[in-house]
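Read the structure below first, then the notes.
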Amino acid sequence: MNKDKNNKPKIFIISGKNSAYKTVFKEELGKYDFKIFDSFNQAYYSVYASPPQLIIITMNAFSEKDYEEHKREIKMINDMQLDNMLSNIPVLFILPAGFDFNVIEDEKHFLKDYIKEPLNSYELNYKVESIIYTSKSALDANPLTKLPGNSSIMESVKNKLNKNIDFSFAYIDIDNFKSYNDKYGFLRGDEVIMMTSRLIATTVYDISKTRCRDIEKYVFMGHIGGDDFVIISHPCDIMDISNSVICNFDKIVLSFYDNADKQRRYIEVYDRQRKMQKFPVMSLSIVVIEDVTKKISHYGQISEITSGLKSIAKEKTGSSVIVDRRRKD
């Protein structure tokens with residue numbers, strides 16, 4: 001039972017002692033791990049000790065307070081949203097129908113998401129679900145490419161396995177990226193990462209849309225980190241996507257090199273022993289698992305398969321696609 005509770009998104013609710021909404025929150029938000037506080041001051045230290053995924057504040061709770069206390073609590077909420085440790089926690093306000101926005105004119109970062117009274121249970125549920133989902137995705141996203149990260153990748157795979165959706169999986173790695181970074185610097189390395197992410201996204205969506213695939217059901221792109229990416233697609237599309245990504249990457253990548261390196265098609269970089277080494281132009285290694293649902297039963301097996309095949313792909317010269325040929329035990 002406790003385990004289930006820990007898996008639920010945590011919500012802190014600030015509502016006045018006499019608020020009629022307490023009953024509504026208990027009835028409508030029962031699927032979440034929520035806690036109700038009578039004031040933000042009461043919730044303040046709990047927010048730091050155990051940050052929630054969402055804070056809901058009923059502004060009518062402030063109407064019971066004197067003006068100075070009202071302003072102190074508004075400042076505390078605003079300060080929390082400017083705190084680097086807590087700024088990613090979304091806050092949903094429930095405002096009186098005639099709420100005076102002049103009250104918060106000096107608090108520039110204060111009020112972003114809100115619902116106006118009268119409170120509608122459907123609107124409340126919709127807002128809470130959408131804010132938590134958006135916040136979770138934003139926190140998990142890679143800061144450079146904005147593509148979903150590890151948690152979202154795992155969740156997408158697990159959902160498809162649980163729903164028995166046929167899909168294919170591709171793991172993409174940029175070969176010789178580290179040596180490029182060492183010679184040209186992180187800024188130019190970031191440009192390569194951005195180019196690759198845009199190329200992957202464009203290719204996946206173009207092929208999926210042309211073939212009228214259900215994007216929400218089949219299509220997913222993720223950025224594990226560094227120069228590693230993931231594609232999930234309709235089983236019939238993954239090879240065409242992979243080959244198209246490689247073809248276009250190989251055409252574009254030389255433009256990221258200086259003329260001398262471009263003509264030689266390699267760069268020279270010192271290794272850790274201070275010996276000069278030659279590294280070929282960047283290429284892509286792609287490991288493909290076709291018909292994932294027919295081969296594996298949990299996410300960990302994907303990691304095992306891709307790790308083994310990635311080393312084989314990297315032994316090849318230039319870009320390559322390695323396809324898993326094993327069958328489900």
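How many residues, within segment 203-226, are over 17 Å from residue 142 (Cβ atoms) and surrounded by fewer than 18 Cβ atoms within 10 Å (Cβ to Cβ)?
The number of residues fulfilling the criteria is 10.
Remark: pairs (first residue in segment 300-316, touching a residue at least 12 places away in the same chain (Cβ under 8 Å) and within 17 Å of residue 176 (Cβ to Cβ); second residue surrounded by 12 or more Cβ atoms within 10 Å (Cβ to Cβ) and among the polar types (S, T, N, Q); Cβ separation under 7 Å; 6+ apart in sequence or on different chains) = 310/285; 313/285; 313/320; 314/285.
For (1) at pLDDT 85 or above; (2) closer than 30 Å to residue 151 by Cβ; (3) surrounded by 12 or more Cβ atoms within 10 Å (Cβ to Cβ), each residue gets a yes or a no:
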position: 22; (1), (2), (3): no, no, yes
position: 47; (1), (2), (3): no, yes, yes
position: 53; (1), (2), (3): yes, yes, yes
position: 59; (1), (2), (3): no, no, yes
position: 73; (1), (2), (3): no, no, yes
position: 81; (1), (2), (3): no, yes, yes
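When you look at residue 262, is it assigned by TED's automatic domain parsing to the domain that holds residue 230, of a type outside the set (Asp, Glu), in contact (Cβ under 8 Å) with a residue 24 or more places away in the chain and touching a Ser or Thr at 6+ places or on another chain (Cβ under 9 Å), yes or no?
Numbers: assigned by TED's automatic domain parsing to the domain that holds residue 230: yes; of a type outside the set (Asp, Glu): yes; in contact (Cβ under 8 Å) with a residue 24 or more places away in the chain: no; touching a Ser or Thr at 6+ places or on another chain (Cβ under 9 Å): yes.
Criteria not met by residue 262.
Selection within segment 131-172: residues that are touching a residue at least 60 places away in the same chain (Cβ under 8 Å), touching a Gly at 6+ places or on another chain (Cβ under 9 Å) and not aliphatic (A, V, I, L, M). The member of this set that is surrounded by the most Cβ atoms within 10 Å (Cβ to Cβ) is 148. Which of (1) under 15 Å from residue 169 (Cα atoms); (2) assigned to a loop (DSSP other than H, G, I, E, B); (3) free of Cβ contacts under 8 Å to residues at least 40 places away in the same chain is the odd one out, the single condition residue 274 does not satisfy? The one condition residue 274 does not meet is (1). So if I check each of 224, 267, 231, 252, which one is among the aliphatic types (A, V, I, L, M) and part of a helix (DSSP H, G or I)? Result of the check over 224, 267, 231, 252: 252. Taking residue 171, is it aromatic (Phe, Trp, Tyr) and in a helix (DSSP H, G or I)? Criteria not met by residue 171. As a summary of the residue check, residue 207 satisfies the conditions (1) without any contact (Cβ under 8 Å) to a residue 40 or more places away in the chain; (2) out of contact with any helix residue (DSSP H, G or I) (no Cβ under 8 Å at 6 or more places or on another chain) except for the one numbered (2).
Against the test of being acidic (Asp, Glu) and more than 28 Å from residue 155 (Cβ to Cβ), the options 271, 291, 324 yield a single qualifying residue, 271. When residue 287 is tested against (1) touching a Leu at 6+ places or on another chain (Cβ under 7 Å); (2) in a strand (DSSP E or B); (3) more than 30 Å from residue 161 (Cβ to Cβ), just one condition goes unmet, and that condition is (3).
Just a yes or no: is a residue in segment 148-164 part of a loop (DSSP other than H, G, I, E, B) and either touching a Phe, Trp or Tyr at 6+ places or on another chain (Cβ under 8 Å) or of a type in the set (A, V, I, L, M) (or both)? Yes, segment 148-164 contains a residue that is part of a loop (DSSP other than H, G, I, E, B) and either touching a Phe, Trp or Tyr at 6+ places or on another chain (Cβ under 8 Å) or of a type in the set (A, V, I, L, M) (or both).
The values are calculated or read from the model by the stated rules, or taken from the named source; none is laboratory data. Computed from a predicted model, the values in this text were never measured in an experiment. When we count neighbours, we look across all protein chains shown, and the Cβ atoms used for this are built from the backbone with ideal geometry, even at glycine.
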